[in-house]
Amino acid sequence: MYGTEAPSAWVRRWSHLVPSGGTVLDVACGHGRHLRWFAGLGHPVTGVDRSPEAITAVAELGCAVEADIENGPWPFAGETFDAVVVTNYLWRPLLLQIVASVADGGVLICETFAAGNETVGKPSRPDFLLHHGELLRVCADLHVVAYEDGFCDAPERFVQRIVAVRKPPSTATLPPRFALDAAG
């Protein structure tokens, strides 16, 4: 069933940046592949999706919110999370709200389709494909740890991926260290 496959390699690679025991929001969570991953790592998880079937499938993992975030209000107004995860989903009117949902010291882990994907499959509508560098622009106020914009095989697709941290307020003289490797 769609949405129950293994968590994204990008999400798995950068999971170590989520603060220990930190809260995780999965936007358009589907059937919970990333919620399961983070719950398994000991994180309290929240998923939001418009599908009642998806919400039923993830309800036992943590907080499951059924909401049409494209046509209704953002259900987490004023809330922040230690990690916000977005994969294979794009709704431009929400991009800034999603970034604003990242707590101080928290991380945004995002991976979705990009321009060029229309040449290899779905999605193919420009509304659902990121423009070159779009995630970098949206995350301008965060510390970008990793960014990719290109083509992947198996399956063929054009993607943009970003990992960006909201630096916590600090009086330290040394810069924060965001490990590029889990063992880091």
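Per-residue answers, yes or no, for (1) of a type in the set (Lys, Arg); (2) in a loop (DSSP other than H, G, I, E, B):
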residue: Pro93; (1), (2): no, no
residue: Leu96; (1), (2): no, no
residue: Lys122; (1), (2): yes, yes
residue: Asp127; (1), (2): no, no
residue: Asp141; (1), (2): no, yes
residue: Ser170; (1), (2): no, yes
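Please work out which residue is nearest to the chain's Cα centre (by Cα), limiting yourself to segment 156-168 and to residues that are modelled with pLDDT of 85 or more and either part of a loop (DSSP other than H, G, I, E, B) or of a type in the set (Asp, Glu) (or both).
Start the filter on segment 156-168 by keeping residues that are modelled with pLDDT of 85 or more, which leaves 156-167.
Adding the requirement that they be either part of a loop (DSSP other than H, G, I, E, B) or of a type in the set (Asp, Glu) (or both) leaves 156, 166-167.
Working: Glu156: 21, Arg166: 14, Lys167: 17 Å.
Within segment 156-168, the match that is nearest to the chain's Cα centre (by Cα) is Arg166.
Just checking, which of Ala77, Ala140, Ala100, Ala83 is touching a helix residue (DSSP H, G or I) at 6+ places or on another chain (Cβ under 8 Å) and either farther than 27 Å from Ser20 by Cβ or among the aliphatic types (A, V, I, L, M) (or both)? Break it down stepwise before answering.
Details: Ala77 fails: touching a helix residue (DSSP H, G or I) at 6+ places or on another chain (Cβ under 8 Å); Ala140 fails: touching a helix residue (DSSP H, G or I) at 6+ places or on another chain (Cβ under 8 Å); Ala100 fails: touching a helix residue (DSSP H, G or I) at 6+ places or on another chain (Cβ under 8 Å).
Going through Ala77, Ala140, Ala100, Ala83 in turn, just one is touching a helix residue (DSSP H, G or I) at 6+ places or on another chain (Cβ under 8 Å) and either farther than 27 Å from Ser20 by Cβ or among the aliphatic types (A, V, I, L, M) (or both): Ala83.
The values are calculated or read from the model by the stated rules, or taken from the named source; none is laboratory data. What you see is a predicted model, and the numbers here were worked out from it, not measured in a lab. Here Cβ is always computed from backbone atoms with ideal geometry, including for glycine, and neighbour counts include all displayed protein chains.
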